């Protein structure tokens with residue numbers, strides 16, 4: 001069950017990562033692609049574990065809940081990246097300092113988000129068995 005859920009989340013995360021990479025102009029670097037993939041993987045896995053199974057089963061796994069979570073996240077990520085404005089500061093050093101501070105903030109937030117997703121996944125499986 002855990003392995004099947006993981007494989008379903010993996011396939012769906014790969015699909016949406018490829019869609020976002022092809023359609024989005026902001027996701028061209030490998031670092032961003034990997035970050036997007038990991039967020040999609042753990043979010044769809046956590047959603048698939050916690051949301052009540054709906055839709056048709058594929059090899060005993062109700063894939064629609066995984067897909068819906070990944071779709072909502074992909075649409076949200078694409079919307080946020082489309083709203084992101086490019087900096088118009090003339091001073092390059094000022095812009096670089098802001099980018100470094102933002103990168104540290106995003107890295108820390110990403111790490112916290114992954115830990116939260118892992119905890120949610122673990123608690124979801126424990127709750128299903130108990």
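Read the figures in this text as sums done on the coordinates, not as results from a lab. Keep in mind it's a predicted model, so treat the numbers as computed, not measured. A quick note on method: Cβ atoms are made from the backbone with ideal geometry, for glycine too, and the neighbour counts reach across all protein chains shown.
Here are the numbers:
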{"read-out": "Folded to 0 to 90 degrees: helix 64-83 orientation relative to the chain principal axis, Cα", "value": "10 degrees"}
{"read-out": "Quotient of C-alpha Rg and 2.2 N^0.38 Å, computed over the range 2-129", "value": "1.22"}
{"read-out": "Folded to 0 to 90 degrees: helix 30-50 orientation relative to the chain principal axis, Cα", "value": "30 degrees"}
{"read-out": "Between helix 2-23 and the chain: long-axis angle, C-alpha atoms, 0 to 90°, nearest 10", "value": "30 degrees"}
{"read-out": "Residue 51-residue 19 pseudo-label distance in nm [points 7 Å out on the Cα-to-Cβ vector]", "value": "1.2 nm"}
{"read-out": "Computed over the range 2-129: relative contact order in percent, which uses C-alpha pairs under 8 Å that are six or more apart", "value": "28 percent"}
{"read-out": "For 21, 76, 52, order by how many other beta-carbon atoms lie within 10 Å, fewest first", "value": "52, 76, 21"}
